[in-house]
Amino acid sequence: MTCAYFPKWLYRISLQWRAHWHLPLVVACVLFGSTQHGIAASQPDRHTQLTAESEAASKPRPSRARTTPARSNDALSAQRVFQILAAEIAAQRGQIGTAAATWLALARETRDPKAAQRATELALTDRSGGRAIEAAEFWLELEPEATIPAMALETLWLSNGQLDRAEPLIARQLEAARKTEQLSERYGPLTRNLLRAPDRLAALALLDRVSMVDLDQAAARIARATLAHAAGNQGRAAAEIRSAAALRPGSEEVALTAATVLTVDTTGRQEAIALLRAFVDAQPKAPRARFALARLYAIDSRLDDALAQLNRTLADEPDDPSTLFAAAHLAAELKRPAEATQLMSRWVELPGESGAERNPGWMFLARMAEDQGQSEQTLRWLERVSDGDEQVEALVHRAIVLGRLKRADEGRALLSSAAPQTSRDRIRVVQARAELLREDGRPAEAFDVVDAGLAAQPDEPQLLYDRAMLGERLGRLDRMESDLRRLITLRPNHAHAYNALGYTFADRNVRLDEARTLIERAVQLAPEDPQILDSMGWIAYRQGKTDEALNWLQRAWAIRNDPEIGAHLGEVLWRMGRNAEAITIWNQAIGRDPSNTLLRETRDRLGASL
């Protein structure tokens, strides 16, 4: 940076340049250059001079008469530069509104478009919509043919809901784009600006008016489809994108827009898939289209097809972060933990990401290792989590894994080092401390930990639920019922609160009608939850409805091979005389949890020999 370029540099001073060491250099430049420069550079480069001379030669010479006296640039330059310096110092000190006002006043005095631009930028930084519009309007007045101020003013007017003021400007810009055959380039930014309008229906109506003469242009149809979709008119959006597809067959932009606007129903989604499929067949190296196609396949529950598309993209772009991340999650959904681990391991090793930004990857890898029973590897992945939102969660998870490895003291020491900053993190630490005690066979102490947590955060739903479950384990059914009913009052849609209370009654074979009502409410709230379906089967069994019980329990077992569900399903089958089927279910459940207490007690009570 040199004083010779002081004026141009000054226009670009960033509000982020707050270090005080800049100020002496600015002052030196002002003192050195105040007699040489005005607010706009008075010594243009040679290219600028030649351009100006050429333009002047081609135009009629204006009259020498002036409506206002000429100002002396030398006389005013020092004053202006000090005004600029004062404005920028104000901006650095956080007085951005003052700086914007000063720059706008300078723009009006000098009629310098760069000053108007700076005023607009500062007003936007200050989130002062009114002042930003005022500055941008003046900027456009100074440069009526320039694209940037027109776009800035269009954005501001539309964002502030001033569609009537924006419409003539938009119409002029579209007319200019028609003359230069740049409509495709113009409709994209216009669409993005219209999406900022508070009233989407009004924005769509505006677009309909200004694009009426462009209905033979795919870009206009794409814009109309996008706005119609945003305004909630899905039928109109579908019709517009089909028109665009007819005008521009094989277009990636059309296919990508279809992937957004045609996905509200199965028919439209299949149409969008066909468009994307045709495009990627013709253009195999099309990562955006393949990613969109993978997303639609995933929505359609075609996870294998979705992962195949992402893997095809990775063959061409093996280090694409979005594709690696999405592919890892799809592989996990498909129960392919080794493949998911390999993909996410590549993602976390990509260059350019900071430690905290890799945290989701480390957490994912820990989950994959845990799902495969690799506890030590789980701990190693969790130890990689650095500062960030996931840090306390990772520490809590490490403590719980240590508890399962019979290293509860290490887990408790780890939790004592936690420094939770948010309510959510404080709750997770309390829950982890209680879980370690519970797993260690110390439920009374676990109850006291949660009780203390509730004293600090009364009526916290997660802690109420945990204390209720511990109360049930300790035989304190009055406390359990009180906590669950309080939780239902606080969270009327808490399915597991209804389920826990109803199941407790059913398991003790008491208040069965009330238990059924509670569990039926839980089923309404979470109809595919296997634990709740298990409870529904168990209450039916307690009421002597074995056929109904079998149906509910088979549904629950199909969703999750949980040992407790297996224990219940096996008991119902045994009571129905289907002993071989019962033993098969129990063996499968034991394979998942050989030490499960309920399974052992159920077999012993029924006299079943495996």
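The values are calculated or read from the model by the stated rules, or taken from the named source; none is laboratory data. Not measured: the values here are computed from a predicted model. So basically every Cβ, Gly included, is an ideal-geometry build from the backbone, and we count neighbours across all protein chains shown. Side chains are part of the model used for accessible areas, which takes the heavy atoms of the whole protein and leaves out ligands, DNA and RNA. Shrake-Rupley method; radii C 1.70, N 1.55, O 1.52, S 1.80 Å.
Exactly one of (1) among the β-branched types (Val, Ile, Thr); (2) under 41 Å from the mean Cα position of the chain (by Cα); (3) open to solvent by 50 Å² or more (accessible area, probe 1.4 Å) is unmet by residue 590. Its number?
(3)
Out of (1) touching a Gly at 6+ places or on another chain (Cβ under 9 Å); (2) not in a helix (DSSP H, G or I), the odd one out for residue 458 is which?
Answer for residue 458: the failing condition is (1).
Is one or more of the residues making up region 175-183 farther than 30 Å from residue 279 by Cα, in contact (Cβ under 8 Å) with a residue 24 or more places away in the chain and more than 26 Å from the chain's Cα centre (by Cα)?
In the first step, residues of region 175-183 are kept if they are farther than 30 Å from residue 279 by Cα; the result is 175-176, 179.
Still in the running and in contact (Cβ under 8 Å) with a residue 24 or more places away in the chain: none.
No - not one qualifying residue is present in region 175-183.
Taking only region 129-181 into account, find how many residues are of a type in the set (S, T, N, Q), over 17 Å from residue 115 (Cα atoms) and open to solvent by 70 Å² or more (accessible area, probe 1.4 Å). Explain how you work it out, then say what you get.
Taking region 129-181 first, the residues of a type in the set (S, T, N, Q) are 147, 155, 159-160, 162, 173, 180.
Next cut, over 17 Å from residue 115 (Cα atoms) only: 155, 159-160, 162, 173, 180.
Checking the rest, the ones that are also open to solvent by 70 Å² or more (accessible area, probe 1.4 Å) come to 160, 180.
Adding up the residues that qualify gives 2.
So, of the residues in region 364-415 that are part of a loop (DSSP other than H, G, I, E, B) and among the aliphatic types (A, V, I, L, M), which turns out to be nearest to residue 440 (Cα to Cα)?
Applying the first criterion (part of a loop (DSSP other than H, G, I, E, B)) to region 364-415 yields 372-374, 384-390, 405-407.
If we keep only those that are among the aliphatic types (A, V, I, L, M) as well, we get 385, 405.
On the way: 385: 27, 405: 11 Å.
Applying the filter and picking the extreme gives 405.
Run residue 81 past the list (1) touching a Ser or Thr at 6+ places or on another chain (Cβ under 6 Å); (2) at pLDDT 80 or above; (3) β-branched (Val, Ile, Thr) and report the number of the one that doesn't hold.
Here residue 81 meets the rest and fails (2).
Going through 121, 53 one at a time, which residue ends up being modelled with pLDDT of 50 or more and either part of a helix (DSSP H, G or I) or open to solvent by less than 40 Å² (accessible area, probe 1.4 Å) (or both)?
Details: 53 fails: modelled with pLDDT of 50 or more.
121 is the lone residue from the list that is modelled with pLDDT of 50 or more and either part of a helix (DSSP H, G or I) or open to solvent by less than 40 Å² (accessible area, probe 1.4 Å) (or both).
Give the residue, chosen from 276, 303, 314, 310, that is in contact with a Leu (Cβ under 8 Å, 6 or more places away or on another chain) and over 30 Å from residue 225 (Cα atoms).
Working: 276 fails: over 30 Å from residue 225 (Cα atoms); 303 fails: over 30 Å from residue 225 (Cα atoms); 310 fails: over 30 Å from residue 225 (Cα atoms).
None of the others qualify; the one that does is 314.
Could you list, in sequence order, the residues of region 566-585 that are in contact with a Phe, Trp or Tyr (Cβ under 9 Å, 6 or more places away or on another chain) and over 23 Å from residue 543 (Cβ atoms)?
Scanning region 566-585 gives a single hit, 583.
Test residue 517 against the criterion of being at pLDDT below 95, of a type outside the set (A, V, I, L, M, F, W, C) and part of a helix (DSSP H, G or I), and give yes or no.
No: the conditions fail for residue 517.
Within region 525-554, how many residues turn out to be within 34 Å of the chain's Cα centre (by Cα), open to solvent by 50 Å² or more (accessible area, probe 1.4 Å) and in contact (Cβ under 8 Å) with a residue 12 or more places away in the chain?
Final tally of qualifying residues: 3.
Determine which single condition residue 359 fails, assuming it passes every other condition in (1) open to solvent by 60 Å² or more (accessible area, probe 1.4 Å); (2) over 22 Å from residue 273 (Cα atoms); (3) not small (Gly, Ala, Ser).
Here residue 359 clears every test but (1).
Restricting to region 551-610, what's the tally of residues that are closer than 24 Å to residue 527 by Cβ, in contact with a Pro (Cβ under 7 Å, 6 or more places away or on another chain) and part of a helix (DSSP H, G or I)?
4
I want to confirm something. Restricting to region 298-332 and keeping residues that are more than 20 Å from the chain's Cα centre (by Cα) and among the charged types (D, E, K, R), which single residue is most open to solvent (accessible area, probe 1.4 Å)?
Per the criteria, the residue is 319.
How many residues, within region 368-422, are of a type in the set (D, E, K, R), under 22 Å from residue 329 (Cβ atoms), in contact (Cβ under 8 Å) with a residue 12 or more places away in the chain and open to solvent by 60 Å² or more (accessible area, probe 1.4 Å)?
Quick first cut of region 368-422, residues of a type in the set (D, E, K, R) only: 370-371, 376, 380, 383-384, 387, 389-390, 393, 398, 404, 406-407, 409-410, 412.
Going one step further and asking which of them are under 22 Å from residue 329 (Cβ atoms), we end up with 370-371, 380, 384, 389-390, 393.
Add one more test, that the residue is in contact (Cβ under 8 Å) with a residue 12 or more places away in the chain, and what stays is 370-371, 384, 389-390, 393.
This time we only want the ones that are open to solvent by 60 Å² or more (accessible area, probe 1.4 Å), so: 371, 384, 389.
Residues flagged as of a type in the set (D, E, K, R), under 22 Å from residue 329 (Cβ atoms), in contact (Cβ under 8 Å) with a residue 12 or more places away in the chain and open to solvent by 60 Å² or more (accessible area, probe 1.4 Å) within region 368-422 amount to 3.
Somewhere in region 442-457, is a residue open to solvent by less than 20 Å² (accessible area, probe 1.4 Å) and closer than 30 Å to residue 322 by Cα?
No, the conditions are met nowhere in region 442-457.
Report yes if some residue within region 465-479 is closer than 23 Å to residue 390 by Cα and crowded, with 17+ Cβ neighbours inside 10 Å; otherwise report no.
Just the residues of region 465-479 that are closer than 23 Å to residue 390 by Cα, to begin with: 466.
Next, only the ones that are crowded, with 17+ Cβ neighbours inside 10 Å stay: 466.
Yes - at least one qualifying residue is present in region 465-479.
Quick check: is even one residue across region 212-219 closer than 24 Å to residue 293 by Cβ and crowded, with 18+ Cβ neighbours inside 10 Å?
yes
Quick check on region 242-297: of everything there that is of a type in the set (Gly, Ala, Ser) and assigned to a loop (DSSP other than H, G, I, E, B), which residue is most open to solvent (accessible area, probe 1.4 Å)?
Of region 242-297, the ones of a type in the set (Gly, Ala, Ser) are 243-246, 250-251, 255, 258-259, 268, 272, 274, 278, 282, 286, 289, 292, 294.
Those still in the list that are assigned to a loop (DSSP other than H, G, I, E, B) too: 250-251, 286.
Values: 250: 66, 251: 16, 286: 7 Å².
Ranking the candidates gives 250 first.
Scan region 100-118 for residues that are touching a helix residue (DSSP H, G or I) at 6+ places or on another chain (Cβ under 6 Å), open to solvent by 10 Å² or more (accessible area, probe 1.4 Å) and over 16 Å from residue 149 (Cβ atoms) and jot them down.
102 - this is the single residue of region 100-118 that is touching a helix residue (DSSP H, G or I) at 6+ places or on another chain (Cβ under 6 Å), open to solvent by 10 Å² or more (accessible area, probe 1.4 Å) and over 16 Å from residue 149 (Cβ atoms).
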